[in-house]
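Here is the structure we will look at.
The values are calculated or read from the model by the stated rules, or taken from the named source; none is laboratory data. From a predicted model like this one, the values you see are computed outputs, not experimental measurements. Glycine also receives a Cβ, built like all others from the backbone with ideal geometry; neighbour counts cover every protein chain displayed.
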Amino acid sequence: MHELATAQDVLSIVQREALVYNAVRVKAIRLRMGVHSHLEPRSLSFCLESIAQDTILEGARVEIVPCEADVECAVCGRFPYDGDAGAEVRCPKCGETAKRMPPTEIYIQEITLDVEDDPIGKESSV
């Protein structure tokens with residue numbers, strides 16, 4: 001069951017980001033999960049909800065979006081790819097030619113926070 005270890009990693013990363021932005025609460029997270037990651041989305045969501053109790057992530061909406069392909073750039077690394085399957089693949093960061101790879105990674109695509117510096121609870125996405 002790799003989902004629990006993955007959920008713990010996600011929680012740790014989200015907590016670090018929330019500290020950077022002085023967040024009082026995490027409202028939502030969006031994960032991009034490679035279809036070849038060997039993770040079950042419902043199990044991962046359940047694990048996240050379970051370990052989030054009594055943390056800044058408690059009650060956050062968790063959205064898991066399947067990723068059909070990755071690209072790997074020799075300079076920048078690996079990224080999810082949403083482009084045309086027949087097109088030449090370019091790195092989304094530097095624009096160099098990249099290789100299409102089986103999607104095995106999980107990415108934190110977006111974190112929506114309630115930020116402390118606004119008395120009304122300003123929303124911020126990172």
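Summary of values
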| item | result |
| --- | --- |
| G121 vs. criteria on the phi > 0 side of the Ramachandran plot and at pLDDT below 85 | yes |
| Residue match in the stretch 45-57 (condition: in contact (Cβ under 8 Å) with a residue 40 or more places away in the chain and within 30 Å of K99 (Cα to Cα)) | no |
| Leading residue by the ranking (nearest to S43 (Cα to Cα)) among those in the stretch 77-89 that are modelled with pLDDT under 85 and assigned to a strand (DSSP E or B) | P80 |
| Sole residue being more than 30 Å from E116 (Cβ to Cβ), more than 17 Å from the chain's Cα centre (by Cα) and not hydroxyl-bearing (S, T, Y), chosen from E96, E40 | E96 |
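Results for (1) under 15 Å from the mean Cα position of the chain (by Cα); (2) buried (at least 19 other Cβ atoms within 10 Å of the Cβ); (3) outside any strand (DSSP E or B), shown as yes or no for each residue.
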residue	(1), (2), (3)
A7	yes, yes, yes
R30	yes, no, no
F46	no, no, yes
D54	no, no, yes
V65	yes, no, no
V75	no, no, yes
